[in-house]
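Enquirer: Quick one: the structure is below, questions incoming.
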There are 2 protein chains.
Amino acid sequence: MSFQNDLTRAQAEVQEELDRLLAAFGEDPVAEAMRYATRGGKRLRAFLALESAALFNVPRARALRVAAAIECVHAYSLIHDDLPCMDDDDLRRGQPTVHRKWDEATAVLAGDALQTLAFEIVADPATHPDGAVRAELVLTLAQAAGGGGMVLGQALDIAAETAEAALTLEQISELQRLKTGRLLEWPCRAGALLAGADPAPLLEYAAKLGLAFQIADDLLDVEGDSEKAGKALRKDAEAGKATFVSLLGVEPARAEADKLIEQAKMSLLIYSPKGATLADTARYVVTRDR
Amino acid sequence: MSFQNDLTRAQAEVQEELDRLLAAFGEDPVAEAMRYATRGGKRLRAFLALESAALFNVPRARALRVAAAIECVHAYSLIHDDLPCMDDDDLRRGQPTVHRKWDEATAVLAGDALQTLAFEIVADPATHPDGAVRAELVLTLAQAAGGGGMVLGQALDIAAETAEAALTLEQISELQRLKTGRLLEWPCRAGALLAGADPAPLLEYAAKLGLAFQIADDLLDVEGDSEKAGKALRKDAEAGKATFVSLLGVEPARAEADKLIEQAKMSLLIYSPKGATLADTARYVVTRDR
């Protein structure tokens, strides 16, 4: 129960931080949509930031800013992903997607502004007194999110849909490392950077966690309950898309995810006993919504 | 002729810098679209960065990075502005817009990645050895571009299209200060920040220049040659949109722009005689494409 308590407390704190940061914006539809799109969600990325920072006793207020920033990037990517020209989704976290509740122009602009806000939050002196740390956080976040990171993953994903040959397991791993892995890695890195600590063990942890996360997502798409997930499912199979599950089969995919989680937990031994919550987080990632 | 020489030389240098920075990306359509969208253009924002930095003898290599960054933000904003759900434009700088040459998904992602790249460029140690300067550049760029800056201006512009009452002159000034003014102001500010100098006189210059720029844009929309401009014109009148020109009339609008240019030049006297090129730039802004 302690893990669930920690997560629930973190979710409330992160929401409060986001509400505070977004209160500065006005009453125009884009500002409303920014607030709407940053409500709810599991806050996995934020929690990774908070728990990574907690390993090094980083002041909570600083960790919360980094946590809020990564949730802004995540929300921006979901808004744009859901657009009719991308995945064309009507439902997100059990609510209408931004372009369904407002319109496409509002969705494009709200996503744009949430990306900008993430960098504004990180670069602000309140995040860390040392400007070099803030600049390093900005640089690594941009590398994770941009055309060599998440957006490249999305571009490869779109290209795969019209490609003649289905992706190999290796290609799917690389695509997912970019598309979802880089934004799971960054909050772990940020926790270490805020403390001036070596991020290497956390990056190792995040790499395993990221792959396990994607396998769990593929399993959810096959086995999950769309009402519980709050979004459309069975989309991969309908699109004839190669996934970890379509290539490995359900049970071997589950076994692979379990193996990755054990490897992720190994990377945390160096922080023992402080890494317990991050270890629980790895386990949580493959059991969520099932 | 010296001004035109300076501008032409700067355009070539900025293109070279952008080509170098964008060479790191792959051959996927999003990367190609990023390169495509950062070719051409007058490079006014980049030139403002270079000339503001030159006032303080900032090393050219640093100024060029800031110049490239603001052109990335500008290119991102144009790609998203041109989308069917926004202005729905087919032509930009005399070439097909990104969503016409590729598709909407590629345009959304290329714009997203160009915004990210701007922050990556600014936060990189090559931009300035002092991390606090880099963080301040990131922070002010985010404030200029985001939901309290350019994107807010775009949101207000969209809202004005469906509003019952036409905008007043004061409301148009405020909207344009956000929508185009903030991204003309930032490169001027950045030139001073790179040198640790007080940006106040340059911000005053940029405020006048920004309004004059918008009046010139409105005049161009009414009087210009769309072939020469490389984009669709007469859009404001067709949309029944209130502009400086529709509210003031052609000749008074031109007189107002001329007055603003003289005020902009006054703000540069403190740098005399070094501000001559920025003074010429102000003049250039109201005579371009006519």
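Enquirer: Within region B:144-166, which residues are more than 17 Å from the chain's Cα centre (by Cα) and either closer than 9 Å to residue B:178 by Cα or among the aliphatic types (A, V, I, L, M) (or both)?
Expert: Of everything in region B:144-166, those that are more than 17 Å from the chain's Cα centre (by Cα) and either closer than 9 Å to residue B:178 by Cα or among the aliphatic types (A, V, I, L, M) (or both) turn out to be B:155, B:156, B:158, B:159, B:160, B:163, B:165, B:166.
Enquirer: Can you give me the number of residues within region B:124-140 that are within 20 Å of the chain's Cα centre (by Cα), among the hydrophobic types (A, V, I, L, M, F, W, C) and at the interface with chain A (Cβ under 8 Å from one of its Cβ atoms)?
Expert: The total comes to 2.
Enquirer: Pick out the one residue from B:241, B:259 that is modelled with pLDDT of 90 or more, over 23 Å from residue B:46 (Cα atoms) and away from every other protein chain (no Cβ under 14 Å). Even if it seems obvious, please write down each step before you answer.
Expert: Details: B:241 fails: modelled with pLDDT of 90 or more.
One residue alone meets the criteria, B:259.
Enquirer: Evaluate region A:157-164: report whether one residue or more is of a type outside the set (Ser, Thr, Tyr), more than 8 Å from chain B (Cβ to nearest Cβ), touching a Phe, Trp or Tyr at 6+ places or on another chain (Cβ under 9 Å) and not in a helix (DSSP H, G or I).
Expert: No, that holds for no residue.
Enquirer: Look through region A:215-252, keep the residues that are in a helix (DSSP H, G or I) and among the hydroxyl-bearing types (Ser, Thr, Tyr), and return whichever of them is farthest from residue A:181 (Cα to Cα). Working first, answer last.
Expert: First, the residues of region A:215-252 that are in a helix (DSSP H, G or I): A:215-223, A:226-229, A:235-238, A:244-248, A:250-252.
Those left that are additionally among the hydroxyl-bearing types (Ser, Thr, Tyr): A:226, A:246.
Details: A:226: 23, A:246: 20 Å.
It comes out as A:226.
Enquirer: For region B:181-203, which residues satisfy the criterion of being free of Cβ contacts under 8 Å to residues at least 40 places away in the same chain, surrounded by fewer than 21 Cβ atoms within 10 Å (Cβ to Cβ) and in a helix (DSSP H, G or I)? Give the steps one after another, and end with the answer.
Expert: If we filter region B:181-203 for residues that are free of Cβ contacts under 8 Å to residues at least 40 places away in the same chain, which is where we start, we get B:181-182, B:198-200, B:203.
Pick out the ones that are also surrounded by fewer than 21 Cβ atoms within 10 Å (Cβ to Cβ) and you get B:198-200, B:203.
Answer for region B:181-203, where residues must be free of Cβ contacts under 8 Å to residues at least 40 places away in the same chain, surrounded by fewer than 21 Cβ atoms within 10 Å (Cβ to Cβ) and in a helix (DSSP H, G or I): B:200, B:203.
Enquirer: So which of A:236, A:258, A:225 is among the acidic types (Asp, Glu), out of contact with any His (no Cβ under 6 Å at 6 or more places or on another chain) and surrounded by 15 or more Cβ atoms within 10 Å (Cβ to Cβ)?
Expert: A:236
Enquirer: Quick one: which residue in B:58, B:73, B:14 is among the aliphatic types (A, V, I, L, M) and within 14 Å of another protein chain (Cβ to nearest Cβ)?
Expert: Going through B:58, B:73, B:14 in turn, the sole match is B:73.
Enquirer: I'm trying to understand the selection: among the residues of region B:122-135, which are surrounded by 24 or more Cβ atoms within 10 Å (Cβ to Cβ) and not in a loop (DSSP other than H, G, I, E, B)?
Expert: B:122, B:123, B:134, B:135
Enquirer: Okay, next question. Please specify each residue of region A:86-118 satisfying the condition of being in contact with a strand residue (DSSP E or B) (Cβ under 9 Å, 6 or more places away or on another chain) and among the polar types (S, T, N, Q).
Expert: If the condition is that a residue be in contact with a strand residue (DSSP E or B) (Cβ under 9 Å, 6 or more places away or on another chain) and among the polar types (S, T, N, Q), then A:97 is the only one that fits.
Enquirer: Hey, another quick one. Residue A:246 - would you say it is of a type outside the set (A, V, I, L, M) and within 25 Å of residue A:199 (Cα to Cα)?
Expert: Working: of a type outside the set (A, V, I, L, M): yes; within 25 Å of residue A:199 (Cα to Cα): no.
It is false that residue A:246 is of a type outside the set (A, V, I, L, M) and within 25 Å of residue A:199 (Cα to Cα).
Enquirer: A further question on this structure: Residue B:74 versus (1) within 27 Å of residue A:103 (Cα to Cα); (2) not in a helix (DSSP H, G or I): which is the lone unmet condition?
Expert: Here residue B:74 meets the rest and fails (2).
Enquirer: Here is a list of conditions, (1) surrounded by fewer than 20 Cβ atoms within 10 Å (Cβ to Cβ); (2) at the interface with chain A (Cβ under 8 Å from one of its Cβ atoms), and residue B:89 meets all of them except one; can you say which number that is?
Expert: The number of the failed condition is (2).
Enquirer: Related question: Given the residues B:103, B:81, B:89, which is the only one that is of a type in the set (D, E, K, R) and touching a Ser or Thr at 6+ places or on another chain (Cβ under 8 Å)? Explain how you work it out, then say what you get.
Expert: Details: B:103 fails: touching a Ser or Thr at 6+ places or on another chain (Cβ under 8 Å); B:81 fails: touching a Ser or Thr at 6+ places or on another chain (Cβ under 8 Å).
Only one candidate qualifies: B:89.
Enquirer: If you check residue A:80 against the conditions, is it in a helix (DSSP H, G or I) and either touching a Lys or Arg at 6+ places or on another chain (Cβ under 7 Å) or within 17 Å of residue B:155 (Cβ to Cβ) (or both)?
Expert: Judged against the criteria, residue A:80 is a match.
Enquirer: What's the number of the only condition in (1) at pLDDT 90 or above; (2) in a helix (DSSP H, G or I) that residue B:274 fails to meet?
Expert: (2) is the only condition that residue B:274 fails.
Enquirer: (1) under 27 Å from residue A:157 (Cβ atoms); (2) modelled with pLDDT under 95; (3) crowded, with 18+ Cβ neighbours inside 10 Å: which one isn't true of residue B:73, the others all being true?
Expert: In the conditions (1) under 27 Å from residue A:157 (Cβ atoms); (2) modelled with pLDDT under 95; (3) crowded, with 18+ Cβ neighbours inside 10 Å, residue B:73 misses (2) alone.
Enquirer: If residue B:43 meets every condition in (1) at positive phi; (2) surrounded by fewer than 20 Cβ atoms within 10 Å (Cβ to Cβ) apart from one, which number is that one?
Expert: Failed condition: (2).
Enquirer: In addition: What is the number of the single condition among (1) assigned to a loop (DSSP other than H, G, I, E, B); (2) touching a Cys at 6+ places or on another chain (Cβ under 6 Å) that residue A:206 does not meet?
Expert: Status for residue A:206: all satisfied but (1).
Enquirer: How many of the residues in region A:95-121 are part of a loop (DSSP other than H, G, I, E, B) and at the interface with another protein chain (Cβ under 8 Å from one of its Cβ atoms)? Let's see the steps before the verdict.
Expert: To start, the set of residues in region A:95-121 that are part of a loop (DSSP other than H, G, I, E, B) comprises A:97, A:102-103.
With the extra rule that they be at the interface with another protein chain (Cβ under 8 Å from one of its Cβ atoms), the set shrinks to A:103.
Summing the residues that are part of a loop (DSSP other than H, G, I, E, B) and at the interface with another protein chain (Cβ under 8 Å from one of its Cβ atoms) in region A:95-121 gives 1.
Enquirer: Just to be sure I understand the filter: pairs with C-beta atoms under 6 Å, separated by 6 or more residues or on different chains, first member in region A:17-39 and under 17 Å from residue A:104 (Cα atoms) and in a loop (DSSP other than H, G, I, E, B), second member among the hydrophobic types (A, V, I, L, M, F, W, C) and modelled with pLDDT under 95. Which pairs pass?
Expert: Close Cβ pairs satisfying both conditions: A:28/B:155.
Enquirer: Tell me which residues, restricted to region A:213-224, are touching a residue at least 40 places away in the same chain (Cβ under 8 Å) and over 13 Å from the mean Cα position of the chain (by Cα).
Expert: Matches in region A:213-224: A:215, A:216, A:219, A:220, A:223, A:224.
Enquirer: Further question: Mind checking which residues of region A:123-157 are touching a residue at least 60 places away in the same chain (Cβ under 8 Å) and among the aliphatic types (A, V, I, L, M)? Steps first, answer last, please.
Expert: Initial filter on region A:123-157 (touching a residue at least 60 places away in the same chain (Cβ under 8 Å)): A:126-128, A:133, A:137, A:141, A:145, A:150, A:154.
Those that are touching a residue at least 60 places away in the same chain (Cβ under 8 Å) and among the aliphatic types (A, V, I, L, M): A:126, A:133, A:137, A:141, A:145, A:150.
The values are calculated or read from the model by the stated rules, or taken from the named source; none is laboratory data. Just so we're clear, the structure is a prediction, and the values are computed from it rather than from any experiment. All Cβ positions, glycine included, derive from the backbone under ideal geometry; neighbour counts span all protein chains shown.
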